[in-house]
Amino acid sequence: MAKEIGVGVLGYSIGRAHAHAWRDVAEVYYPMKLVPRLVALAGRTKKVVKFEAAKYGYAKTYSDWEKVVTDERVEIVDNCLPVALHPAPMIMAAKLGKSLFCEKPLARRATDAKRMLDAAEKAKVKHMVGYNYRFMPAITLARQMINKGKIGKITFFRGSYLTTNSTYDDPKTPMRWQFESSLSGYGALSDLGTHALDLARYLVGEVGAVAGAQSTIIKERPETEGARKKKRVNVDDLTVATMKFRNGALGTLETSWVNPGRMDYLSFEIYGTEGSLRFNLERINELEIFLSERDRGTSGYRTLNVLAKEHPYMGKYWVNQGGGFGWDHSFVNEFHHFLTSISDDRPVGPQGATFLDGYRNCQIMDAIADSAKSEAWVHIQE
């Protein structure tokens, strides 16, 4: 028989997508050994917390994250707070023996991420970072093709995450925690680029060295909505980097949240000795494929609609009635993987991103920022 497991969520912004997925996963993947129950939600604004709790069916609400972490009914702590508030709740929850789920990036800097990793490993609890794009059919299929050698030895990775991200390209958009280094770590690099970097590691391998450049395009913003007084922005709006992978491949990264016309452009191109793959999140159900043996001499890429039941994850979704796969479904798949890892005592990785993956991602981001300051290549510690 299925057993309930209590979930406590910290934060209600991306926490909305999480709550939706925690609520839906047991239905999509029925039957499951563990069925999540939304026990408690913590957030800064009492009125909003109450509204979100009523909407998604949380049993209790708190204004203090510590009360969620220490609630005896909470067995999984899901941290959706600003990045600066990732370490303390996760370390406390680890000491209490609770399973840990943390939104990306794992921490502001690699030093904090390492403390979180050490705490999780010492407590021997399950730990996972919210790199949900690993759980999209097209991206998982790309990994399967790479692992089967379909495109040969990888030579080049090109990754981008470009958006206008909630009018961030408008100078009148006021200061938010995302624009404060003390709260976010970096800007577009932490918010968006971290996803592209995770896909680089997930699909190609470890990064050994980087050379980066960063720019703050909108240097000041109103302190509050409509305020005349302005505050200086101290994070990047735009980051570009060149990467050397340990397996010999080369790569590039470009990430920015001030790109008029770009909605949610997470994309990659991966070139190998026997073919290549392309993906664009704005066309979420498509994977473009070129296999040299089959496609040489043709007009180029073939577009595969990754909607058939034999494609990764699609056996659980409405594909025969004109439906497709949505962004929100990636969280459902992600949480199913995490819950199964707990119930069956299986490793979270390599399909899921662990705190070790989160730590290594932070190492790369730190190295890019250091390189941007020094204008020199920075090598990343193994």
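Round to a whole angstrom and tell me the spacing of the C-alpha centers of region 159-186 and region 92-130.
Region 159-186 and region 92-130 have Cα centres separated by 25 Å.
Quick check on my link table: of 47/172; 67/98; 98/124; 153/309; 67/124; 3/95, which ones sit more than 20 Å apart, alpha carbon to alpha carbon?
Correct reply: 47/172; 153/309; 67/124; 3/95.
If each of residue 46 and residue 310 carries a label point 7 Å out from its Cα toward its Cβ, how far apart are those two points in nm?
Calculated label separation equals 5.9 nm.
Using the Cα gyration tensor of region 199-292, with a ≥ b ≥ c the square roots of its eigenvalues, what is the shape: rounded (a/c below 1.5), prolate (a/b larger than b/c) or oblate (neither)?
Verdict is oblate for region 199-292.
Please return the longest stretch of the chain lacking exposed loop sites, where trypsin sites (Lys or Arg not before Pro) count only if DSSP places them in a loop and at most 15 other Cβ atoms lie within 10 Å.
Within the chain, the longest run free of exposed trypsin sites (Lys or Arg not before Pro) spans 310-382.
Could you check the spin-label model distance between residue 66 and residue 230? Points 7 Å from the Cα along Cα→Cβ, value in nm.
4.0
Quick check: from the Cα gyration tensor, does region 1-99 come out rounded (a/c under 1.5), prolate or oblate?
oblate
What chymotrypsin sites (Phe, Trp or Tyr not before Pro) does region 243-331 have in DSSP loop regions with at most 13 other beta carbons within 10 Å?
318
For region 43-90, what class follows from the C-alpha gyration tensor (a ≥ b ≥ c being the square roots of its eigenvalues): rounded when a/c is under 1.5, otherwise prolate if a/b is larger than b/c, else oblate? Before the final figure, lay out the partial values.
Working: a/c = 1.98, a/b = 1.29, b/c = 1.53.
Because a/c hits 1.5 or more and a/b fails to exceed b/c, region 43-90 counts as oblate.
Are there GluC sites (Glu not before Pro) in region 165-269 that DSSP marks as loop and that have at most 16 other Cβ atoms within 10 Å, and which are they?
When the GluC sites (Glu not before Pro) of region 165-269 are filtered for loop state and at most 16 Cβ neighbours within 10 Å, 206, 223, 225 remain.
Return the calculated 222 nm mean residue ellipticity for the chain, to the nearest 500 deg cm²/dmol, obtained by summing -39500 (n - 2.57) across DSSP H runs with n ≥ 4 and dividing by the residue count.
It lands at -9500 deg cm²/dmol.
Assigning unit charges at the beta carbon (Lys, Arg +1; Asp, Glu -1) and nothing else, what dipole magnitude in debye, to the nearest 20, does the chain show about its Cα centre?
480
When only Cα pairs under 8 Å and 6 or more residues apart are kept, what is the percent relative contact order across region 3-132?
With pairs under 8 Å counted, the relative contact order is 23 percent.
Taking 25 Å as the cut-off for C-alpha to C-alpha distance, list the pairs among 114/244; 60/122; 231/373 that go past it. The partial results should precede the final answer.
Values: 114/244 23 Å; 60/122 30 Å; 231/373 22 Å.
The answer is 60/122.
What residue among 31, 63, 18 has its Cα farthest toward the positive end of the dipole of region 8-75, where the charges are +1 on Lys, Arg and -1 on Asp, Glu, each on the Cβ?
Going by the Cα projections, it comes out as 63.
Pick out the long, greasy-scoring helices in the chain: whole DSSP H runs spanning 24 Å or more along their own axis by Cα, mean Kyte-Doolittle at least -1.0.
Length and hydropathy pass: 327-343, 355-374.
Report, to two decimal places, the Cα Rg of the chain normalised by 2.2 N^0.38 Å (N = number of residues).
That works out to 0.98 for the chain.
Only sites in a loop by DSSP and with at most 13 other Cβ atoms within 10 Å count here; which GluC sites (Glu not before Pro) in region 22-108 make the cut?
Answer in residue order: 72.
A short reminder: the numbers here are calculations on the coordinates, not readings from a lab. The shown structure was predicted, so the numbers you read here are calculated from the model rather than taken from an experiment. Ideal geometry is used to build each Cβ from the backbone, glycine not excepted, and the neighbour counts take in all protein chains shown.
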